[in-house]
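All remarks here apply to the structure that follows.
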Amino acid sequence: MKALVKYAAADGALEVRDLPEPVAGPGTVLVRVHTVGVCGSDIHMWHNTQSKSSVGVLPVTLGHESAGVIASVGEGVTGWAVGDRVVCETAASICGVCALCRSGRYNLCPWREGYGLKRDGAMAEYMVAEPRVLHRIPEAVSFDAAAMTEPYAVAYNAVVERAEINPGDLVVIQGAGAIGILALEIAILRGAGTTVVLGTAIDAERLDKAKALGADHVLDITREDPLALVTSLHDGLGADLVVDATGVSVAMEQGMRMVRPGGAIAKVGWGPQPLGFTIDPLVKKAVTLYGCYSHTWSTWENVLRLFADGRLHPDRVLGGVYPIEQWEEAFSAMQRGQHVKSALRMPWALAAGEGK
């Protein structure tokens, strides 16, 4: 089978390889991947600029935003059948017995192994999955849309399950990449009164997309002062919630200036750079800082339900779908700001003429 493999800890060490097809062993299923989304973390893996806390194995097949069909069912698996349309959570393996797993917070399991980092992922024609990570794709939801479930789940976790948005709140989103744009959608759905999306010069098209999706204000921080804008809104005290979806450590300093006393910051983006500034404003303002990581079963079910009900719109965010052999163009289109999101489609789906 074809698979996109990171084969060395070096910039550019990524290529499509022919690998043996995996087999569904006892207690697992084999998923035939239809479409897989490209994550910013995949691009970092391409350039070997991923966070140093994201220690994986090599070689490894990338990809963790999958949608496909069950191709075979291993011994002992019940409730799933060949042909079922599914998406897979990213937690390929968890210990299942630690306090976090037992309390339903398995996304934080210290022994968790994620697809595309410590387990071969979804940028391949087939992947092996435990039934606990499977979710059925609603009939009205396309494979393309379903492949967007994981990034939406990240955004949902940040602004629904971790931080809180009250109707009428001022919400500032740092970063116009995929997670920032999706957080915008969910913030609007939660009733945010005013939304602001911040980006840089490379984000011009993505800021336009944010505006089209309902952002009240978009701003290029290399040309305008975001603090001046934020303090001109509502009562002038700052944002009720700042969502850091940048992956740049220095964004925290900006976020602390923009958040109101008693407000909150939801940090989703990973930044490997050291801070180099004081975080005293968190104390002086009594700000709540939420670390936001991954998602759990209910997150995925809620996102898929919102897809099916037409209350979230992945079709408006997905910029382009490419054959796996054109992975570099798919990655580059996101890197240069052309797409909020790119996706790869596997050969069988292309051969069948299946775009949906």
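Taken together, the values in this text are just the output of simple stated rules run on the coordinates, not laboratory data. Only a predicted model underlies this, so the values are computations on that prediction, with no experimental measurement involved. When we count neighbours, we look across all protein chains shown, and the Cβ atoms used for this are built from the backbone with ideal geometry, even at glycine.
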Query raised in the report: Could you put His234, His135 in order, starting from the residue whose Cβ has the fewest other Cβ atoms within 10 Å?
Result: His234, His135
**Report entry** Residue exposure sequence - Ile202, Ile186 - by fewest surrounding Cβ within 10 Å
**Finding:** Ile202, Ile186
Query raised in the report: Label-point separation (nm) for Val97 and Ser72, each offset 7 Å from Cα along Cα-to-Cβ?
Result: 3.0
Query raised in the report: Can you sort Leu350, Leu58 so the residue with the fewest Cβ neighbours within 10 Å comes first?
Result: Leu58, Leu350
Query raised in the report: Given charges of +1 on the Cβ of Lys and Arg and -1 on the Cβ of Asp and Glu, with all other atoms neutral, how large is the dipole of the range 155-291 about its Cα centre, in debye to the nearest 20?
Result: 200
**Report entry** Estimated inter-spin distance, Ala204 and Glu329, nm [label 7 Å along Cα→Cβ]
**Finding:** 2.2
Query raised in the report: Which listed residue (Ala163, Ile137, His217) has the Cα farthest towards the positive end of the charge dipole for the chain, taking +1 on Lys and Arg C-beta and -1 on Asp and Glu C-beta about the Cα centre?
Result: Ala163
Requested in this report: Work out the length of the dipole vector of the range 176-233 about its Cα centre, built from +1 on the beta-carbon of each Lys and Arg and -1 on the beta-carbon of each Asp and Glu, and round it to the nearest 20 debye.
Outcome: 160
Query raised in the report: Percent antiparallel among DSSP beta bridges with both residues in the range 155-291, to the nearest 5?
Result: 0
**Report entry** log₁₀ of I(q)/I(0) at q = 0.08, 0.09 Å⁻¹ - the chain, Debye sum with one point per alpha carbon
**Finding:** -0.38, -0.48
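Report the net charge of residues surrounding Thr288, where surrounding means a beta-carbon distance below 12 angstrom and charges are Lys +1, Arg +1, Asp -1, Glu -1.
+2
Treating the beta-carbon of each Lys and Arg as +1 and of each Asp and Glu as -1, no other charges, what is the dipole magnitude of the chain about its Cα centre, to the nearest 20 debye?
600
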Requested in this report: Calculate, in nm to one decimal, what Glu15 and Asn166 gain on full extension: separation in residues at 0.36 nm each, minus their alpha carbon distance.
Outcome: 49.8 nm
Requested in this report: Starting from the Cα of Ala308, step 7 Å along the direction of its Cβ; do the same at Arg223; then give the gap between the two resulting points in nm.
Outcome: 4.3
Report task. Quick one: work out the % antiparallel among DSSP beta bridges in the chain, nearest 5. Result -> 50
Report summary line: Taking r as the C-beta separation of Lys211 and Asp84 and R0 as 41 Å, the FRET efficiency to the nearest 0.05 is 0.60
Report task. Using +1 at the Cβ of each Lys and Arg and -1 at the Cβ of each Asp and Glu in the range 315-356, identify which of Phe331, Leu318, Leu350 lies farthest towards the dipole's positive end. Result -> Leu318
